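Nothing in this text is a laboratory measurement; each read-out follows from the coordinates by a stated rule. Fair warning: this is a prediction, and the values are worked out from it, not measured in the lab. Note: ideal-geometry Cβ built from the backbone for every residue, glycine included; neighbour counts use all protein chains shown.
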Amino acid sequence: MSENCNCGHGEHIHHADEESKYDFIIEEYKNTMSDEEVAQRVQALIDEKVESNNTIEVKKFLFNCIDLTTLKCTDSEESVMQFTEKVNEFDDKYPDLKNVAAICVYPNFAKIVSDTLQVENVGIACVSGGFPSSQTFQEIKVAETAMAVHDGATEIDIVLSVGKFLSGDYESVCDEIQELKSVCGERHLKVILETGALKSADNIKKASILSIFSGADFIKTSTGKESPAATPEAAYVMCTTIKEYYQKTGRKIGFKPAGGINTVHDALVYYTIVKELLGEEWLTNELFRLGTSRLANLCLSEITGEETKFF
């Protein structure tokens, strides 16, 4: 029996009763690195390369890659409006700097951001699909995503169904991502792997490739609601997967670390991993984002040379 696995490589011949389409895809991108090897390679990169990237120009670039995020239970229409106004004011206050890449909010605030945002080249990202646990009905995830898009979201961040993934139900995981991507249309879909819950390099590799094959435009480390959140080791595995996929298909997938990015040095580490593994082509906010709220002021302070609390 032959099946088309929709992986971009044409038709593969294999027996459905021997292995599923998804097991076949995973096997094609099998992880060859142990957790220990990943940790060693990451430490070597940090030791050898990060300091050379510690420049004002890199920090300006990092600022322009920030998805400025507010995802608090205390968010309100008023607070989100004020949050958005600060992004509007940034262009006047700092005319020589590029603004943040996007504002990231809960989906019920998409319209507020859309109505308030006045500057160009800043996206409206909404977390959707039962964020942060992804534990709700698929119909709810579809409806929530569709409503966010209708209200002005230009990017959607969803969470992988981690429970189903860890149970080996890859078909349900992938079908859900495919359906939500169809709702997004041309808008970027970022799939959050929640790497801290996946535990191992092997699981992170599997989740990365299944998300990419199902239509993810970006893969993202974490929600920031689980611990550990983003780690350089998870980033390394995700970026090696993106590179391998690009080499096989020619399609570029974006990468977004999020959660636990507490210092400019943290951001420089992720920049270095992307630069060294994926190259200069990925050093654009079309393919590299940082999900954070606290980094904006920290980055701005180092760029201006004085403590700044603009946001």
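A few notes on this one:
- All other residues whose Cβ lies under 11 angstrom from that of Ile192 are scored, Lys and Arg at +1 and Asp and Glu at -1, for a net of +1.
- According to the Kirkwood relation over distinct C-alpha pairs, the hydrodynamic radius of segment 123-191 is 11.8 Å.
- Separation in nanometres of the label points that stand 7 Å from Cα toward Cβ, at Thr304 and Lys248: 4.7
- Of the trypsin sites (Lys or Arg not before Pro) found in segment 242-299, the ones in coil according to DSSP and having at most 13 other Cβ atoms within 10 Å of their Cβ are Arg251, Arg294.
- For Thr292, the residues whose amide H sits under 5 Å from its own are Asp67, Thr69, ignoring neighbours fewer than 5 places away on the same chain, with H placed 1.01 Å from N.
- Options [x] 19.2, 66; [y] 18.4, 52; [z] 23.0, 74 - which one matches Rg and Dmax of the Cα atoms in Å as calculated here: [x]
- Each label was represented as a point 7 Å from its Cα along the Cα-to-Cβ direction; for Leu97 and Asp23 these points are 5.3 nm apart.
- With the simple spin-label model, which puts each label point 7 Å out from Cα in the Cβ direction, the Thr136 to Lys225 separation comes to 0.9 nm.
- For segment 106-115, Karplus couplings with θ = phi - 60° (6.51, -1.76, 1.60), whole Hz, Gly/Pro x: 5, x, 6, 9, 4, 5, 4, 5, 4, 6
- Segment 216-264: proportion of alpha-carbon pairs further apart than 18 angstrom, %: 33
- Per-residue extension of 0.36 nm, minus the Cα-Cα distance of Leu166 and Ser52, leaves a gain of 37.2 nm for this segment.
- Kirkwood Rh in Å, taken over segment 179-265 so that all alpha-carbon pairs contribute: 13.1
- Long hydrophobic helices in the chain: the complete DSSP H runs spanning 15 Å or more by Cα along their own axis with mean Kyte-Doolittle hydropathy of at least -1.0 are 35-49, 138-150, 170-184, 201-213, 232-249, 264-278.
- For segment 171-311, a simple Cβ point-charge model (Lys and Arg +1, Asp and Glu -1, everything else neutral) yields a dipole of about 100 debye relative to the Cα centre.
- Residues whose amide H falls under 5 Å from that of Gly123, counting only those 5 or more places apart or on a different chain, are Ala102, Ile103, with hydrogens built in the peptide plane.
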